[in-house]
Every structure is written in C-alpha cells, then in structure tokens.
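Report on the structure given below.
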Amino acid sequence: MSRPIQAHIDLSALRNNLRVVRRATSARVMAVVKANAYGHGLLQAVEALHDADGFALLDVRDAVALRDAGFRQPILLLEGYFSRDELPLLAEYELTTVIHSQQQIEWLDAYPRKNGLSVWLKLNSGMNRLGFSAQEFPAAMERLKSHRAVRDVTLMTHFAQADEAPGVSAQLALFEQLTANRHQPRSLANSAAILRHPAAHADWVRPGIMLYGSSPFADISAESLGLQPVMTLSSELISVREIKAGDAVGYGATFRAERSMRIGTVACGYADGFPRHAATGTPILVDGKRTRTVGRVSMDMLSVDLSALPDARVGSRVVLWGEGMPIDEVALAAGTISYELLCALAPRVPVRR
Ligand SMILES: *Cc1c(COP(=O)(O)O)cnc(C)c1O
C-alpha cells in the first residue's frame, strides 16, 4: 500500500460544466486550460472538453502538444509570444496569439511571412495588466488589420471585477466605444461575466474556473449554479488518539483542547497542495461527515477533530475538497480562492481519472 492521498478527476463533471456554459450563452466557447487546466491535467481535460470551440493557454509547448494530439480548434496564447523567434512556430502550428504590446507588433513587423497569423488584439480597458490603452488601441487595430503577416483579428479585453458589485459597465462601455462599427469578432467574458453579464458575451466567451466546477462568486455556491466539482482531493486517517483538556496539537501549539477530545491525523499536508494558511476550523469530510481541521497544517499531515465522529478510525476516508466538500469553502477558510488551490496540487499526489 502506498500513501493514501489521491486526486480524482471526474471528466464527466467537466463535460457537465461545459454544458452549463453552453446553456448560459450562444457565443463560441474558448475553454481556458492554462496552468495545466487549472491543475487537472491538460491533455485529459482537453479531451473531455473536445467539443469546445477553442482552447486558451499560455505556453507554446502546450499549444503544440494539443496540435500534435490532433485538436483542430483555434488554440489561443493568452500572453502571446515572448520573442520574435516564436513566430515561425505559431505559423507552423496555426496557433492564435494575443497581441497586447507595441513590442509584439514590432516583432511582427520584422517577420517576413505573409497572411499567417490569427491574432486577438487586447485592449486595456481598466485592469492595467496587459493590453493597449484606449489611446493606442485604434492605431494598433489599423496596423494589424492591414498587416501582411496577419490573417484575421479578434478584439478582446479582460474584466477586473466581473464577480463583484462594481461589475463590468465601465470596462464594457470603453470596449464598445472603441470597437463600434467594426466587423471583427469580439471577446470579453470570463466565467463570472458569462454567468452575470450577458451583455458582455459577444462572439467568444472564455470560461475557466466554472469549467472546473468552482463558483466565480464569493456569495453563490457552485452547486446552485449547476456546476459539479471536477477534482476531489482525498486521503485517509493514518492515526487516531485521545487528548486531554489543555493538550496542544501541531506545530506552534496553536490549538489547545478545552476538553478531552479525539484527534485524527490525515495523510495530507502543504507539500501535497493543501494550504498551510487553512486555519483551525477549516471544513473537512471524514467518512462523509463534516468536521474541522485543528492546529497548523504541516508538510505531510494535518489534524482533524473527531470528537463528534466516534466511528472514525485509521483508514477512514477523508475528503479535503471536491465531492461533498466545496473547494470554495476550503479556499475561504485559507484566505484564498479555489483557483490557487487547484493550480497548486502537488506533482507528488497520484491522479486518478
Ligand atoms: C484566466 C483567464 C480567463 C478565465 O477566467 P476564469 O475566471 O477562470 O473564468 C479568461 N480570460 C483571460 C484573459 C484569462 O487570463
């Protein structure tokens, strides 16, 4: 027997979540599979999402791997190219690229090939991360429209607060103003905008987190959106003990028992990707029943309160997140978001599909 931790990837849940996207919009769906498909395994995720209309990621080697695996859809590089040397590869593999900077246009100017590339020109509409400013955007648009190396142009922007009260109106208004009367396809919406801002769906939507079964909103559960968790991280109790009032648990003795209690030790720690910042009280399932973590998470183990679970024993199944234990609740208790937890699943955790 090996260490009992594992991540189960439920590919039928991934397909379900793509159907939720389809029901929400009639736009084409560019499935975002960056960061190893948010930690789920790139190739398997893309196979499950094979009827998406396109795939978006960052690393040109991953894009090439998808082409080599036979996927014919547009594959979009979300940060574009990082040097002019990459341009021949983009053309050879028919990869679609974001262009977000003047530097990238200059590299393109020095590229001799004709009519090769599909590009997504990015407007910085307020996030101030990537993209041309409102002042620069019209000239960049004209330049690319007539560029000898460019076959077609899609216009895009990205929202900073699609999941929150201020919403998308200011960014959407700026994008619409700058792209009015243009024939090019347009793309704006991430998961939160797909679910909350239909006015921003345009021609292509770009869902990420919702495909993986997590809610993009702090105040709405994934389940109520019809989303199913794709990754379930589970392990087992490997030790159970009784402690007395006043006894401490874990590094730093940050948890001290107020009365006698049962404590279980789970084979899962921060070296597996469970967040060390998950405080005492982080929800966790043991034998399908909800309880809480106690004390600090250590590298390979964490502790749980079994006081209300008299039947729990060594070998009892523990679900850290996923089926029955929404990852969004774990993320909240750890002061982070599900995205970070999913992406941080450690390579040492065996994955089962
Ligand atoms: C990551 C990303 C997305 C997907 O965002 P979610 O919140 O996961 O849906 C969409 N567009 C861009 C440009 C991104 O970087």
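About its Cα centre, the chain has a charge dipole of approximately 260 debye under the convention of +1 per Lys or Arg Cβ and -1 per Asp or Glu Cβ, with nothing else charged. The trypsin sites (Lys or Arg not before Pro) of segment 200-280 that meet both conditions, a loop assignment by DSSP and at most 12 other Cβ atoms within 10 Å of the site Cβ, are K244, R259. Short to long, the 10 Å bins of the Cα pair-distance histogram for segment 1-52 hold 23, 47, 21, 7, 2 percent of all pairs.
What is the list of residues in segment 108-128 whose amide nitrogen lies under 12 Å from a point 7 angstrom out from the Cα of R67, following Cα to Cβ? Once the point is set 7 Å along Cα→Cβ of R67, 117-118 turn out to lie under 12 Å by backbone N, inside segment 108-128. Normalised radius of gyration (Cα atoms, divided by 2.2 N^0.38 Å) for segment 231-352: 0.98. Taking the convex hull of the alpha carbon positions in segment 138-265 and averaging its projected area over all directions gives 14.1 nm². Modelled label positions at V351 and D219, each set 7 Å beyond Cα in the direction of Cβ, lie 3.5 nm from each other.
Estimated from helical segments only, the mean residue ellipticity of the chain at 222 nm is -7000 deg cm²/dmol, where each DSSP H run of four or more residues counts as -39500 (n - 2.57). Bridging of K34 to aspartates and glutamates at a Cα separation below 13 Å is possible for D59, D62, E79, E340, once same-chain residues fewer than 8 apart are set aside.
Segment L89..D109, full-extension length gain: 5.6 nm, with 0.36 nm per residue of separation and the alpha-carbon distance subtracted. Straightening the chain between A139 and S2 buys 43.3 nm, computed as 0.36 nm per residue apart minus the Cα-Cα spacing.
For the Cα atoms of the chain, what angle does the longest principal axis make with the long axis of helix 11-24, in degrees from 0 to 90, nearest 10? It is inclined by approximately 50 degrees.
Each principal axis of the Cα cloud of segment 123-190 was taken in turn, and the coordinate range along them, longest first, works out to 43, 19, 18 Å. Distance distribution P(r), segment 11-214, all Cα-Cα pairs, bin width 5 angstrom from 0: 1, 8, 17, 19, 20, 17, 11, 5, 1, 0 percent.
Over all alpha-carbon pairs in the chain, figure out the percentage whose distance exceeds 26 Å. Every Cα pair in the chain considered, those over 26 Å come to 55 percent. How tilted is helix 169-179 with respect to the longest principal axis of the chain? Cα atoms for both, answer in degrees (0 to 90, nearest 10). Its long axis makes an angle of about 30 degrees.
Among the trypsin sites (Lys or Arg not before Pro) in segment 157-227, those located in a DSSP loop and surrounded by at most 15 other Cβ atoms within 10 Å of their own Cβ are R182.
In the chain, taking the dipole from charged Cβ atoms about the Cα centre, the farthest positive-side position among L76, V46, G295 is held by V46.
Length gained on full extension, E340 to R148, computed as 0.36 nm times the residue gap minus the Cα-Cα distance: 65.1 nm. Of the trypsin sites (Lys or Arg not before Pro) found in segment 1-78, those in coil by DSSP whose Cβ has at most 11 other Cβ atoms within 10 Å are R72.
Only the coordinates and a few stated rules stand behind these numbers; no lab work does. Please read these numbers as outputs of a predicted model, since none were measured by experiment. Positions of Cβ are generated from backbone atoms using ideal geometry, with glycine treated the same way; all protein chains shown enter the neighbour counts.
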